[in-house]
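Chemist: Below is one structure. I have some questions about it.
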Amino acid sequence: MADQCDLCLLGLIILSSLLTGTSGVDYAHVFISSGENVHLPCNNALSDCKSTTWIYNRHSAADEIIVLGIKRKDRERHERLSLGSDCSLNIKNVTKEDYGFYICRQYVNNKQQGTEAHVNLHVLHVSVSPSSSSSSSSSSSSQTEISPGHSVTLSCQLYSYEFPCDILVRYEGLQLLWVNQAGVDLKTDSRYQILFSSDHCNITLTTTLLNEDDNREWRCQLTLRNQLKASVRYTVKYSGPADTASETEVSVTAGSLFRVIVMIVEMAVFAAPTVILLQIICARRAGRKDSQHPEEIEMPTILQ
């Protein structure tokens, strides 16, 4: 039992030294939200980045993504990768699949130079899962089903490699929380149900959407030792009702115009015989008056 405690204590000392950078090894922890751009430092770089090689490790298998300053084009994410002027690794539009352990090495004449630079990338990601969806998996594409009166669950997860979240939570003060636009912890509002996973890597927010929630923003924040490290925003969008109202307005306008046209046609159809009849009557009356006009009646000749 004492041996196990000694091992735990040794592990905590190593973990603390890695996080604080006092172990003598160039080691860094980087926390980033999905969708953002990230910069991974390579503090052992030489003057020429042509000696720089970046290695990615997540599934106990090393994957060289940059070799001697050149990107591996046969890698799926090569378009999002680039080298900085200081040989750092830049990743654009980070996804939850980018989390893991990165190693920066320097090679000269096929021989490794100096020590390795280690970077552990942690990615914070939010997914949404409306309860009305038949799918059991969370997906941002389900946002189209979000509407007032429906329950929605937001899942905020920290994707971390090598260091379990519960260790970071217990000994390094890592914390996940949901807050509103004003930064108030939503655990204080009974309208929201906040739940943690057993390893504290995932925190979910469940609530029933209201009409006034349109354009409302919720944020999942990650703090380490009371310092904000990453934040993911989720904004509620109701697109359905607005589109329906627009379509209804267009439909009503088109229907009203159609009815006006029909009324004009009907009036024209029913009025035509009346106009013709009036023209005939007027013509006949005009003919009778013309036949009796004094100026045109021939008077008999009076003998003088």
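Throughout, read-outs are computed from the coordinates displayed, never taken from laboratory work. Being a predicted model, the structure only gives us computed values, none of them experimental.
Chemist: Checking the cross-link filter: which lysines have an alpha carbon closer than 27 Å to that of Lys50, excluding same-chain neighbours under 8 positions apart?
Modeler: Lys71, Lys73, Lys92, Lys111
Chemist: While we're on this one: So what J values fall out for segment 110-116 if you push phi through Karplus, 6.51 cos²θ - 1.76 cosθ + 1.60 with θ = phi - 60°, rounded to Hz, Gly and Pro as x?
Modeler: Couplings: 6, 10, 5, 10, x, 8, 7 Hz.
Chemist: Further question: Any number yet on Rg/Rh for segment 23-121, C-alpha, Kirkwood? Each step should come with its number before you reach the end.
Modeler: On the way: Rg = 12.6 Å, Rh = 13.5 Å.
My calculation puts Rg/Rh at 0.93.
Chemist: If you don't mind, there's one more thing I want to ask. Calculate one ³J(HN,Hα) per residue across segment 189-205 by plugging θ = phi - 60° into the Karplus curve 6.51 cos²θ - 1.76 cosθ + 1.60, and present them in order as whole Hz with x for glycine and proline.
Modeler: Those phi angles translate into 10, 5, 5, 10, 9, 10, 10, 10, 6, 5, 9, 6, 8, 9, 10, 10, 10 Hz.
Chemist: Okay, moving on. Can you list residues whose amide H is under 5 Å from Gly35's amide H, if they're 5+ apart or on another chain and H is modeled 1.01 Å from N?
Modeler: Val94, Thr95
Chemist: Return the long-range amide H neighbours of Arg216 (sequence gap of 5 or more, or a different chain), with a cut-off of under 5 Å between placed amide H atoms.
Modeler: HN-HN under 5 Å from Arg216: Val236.
Chemist: What list of ³J(HN,Hα) couplings, whole Hz, do you get for segment 149-158 from phi and the Karplus terms 6.51, -1.76, 1.60, once you set θ to phi - 60° and write x for glycine and proline?
Modeler: In residue order, the calculated couplings are x, 9, 8, 9, 10, 9, 10, 10, 10, 9 Hz.
Chemist: So what is the relative contact order for segment 123-240, in percent, with contacts set as C-alpha pairs under 8 Å and at least six apart? Don't skip to the end; give the middle numbers.
Modeler: Numbers: 234 pairs, mean separation 32.8, N = 118.
Computed over segment 123-240, the figure is 28 percent.
Chemist: Here's something else I'd like to know. How large are Rg and Dmax for segment 123-240 when only the alpha carbon atoms are used, in Å?
Modeler: In Å, with Rg to one decimal and Dmax whole: 14.5, 46.
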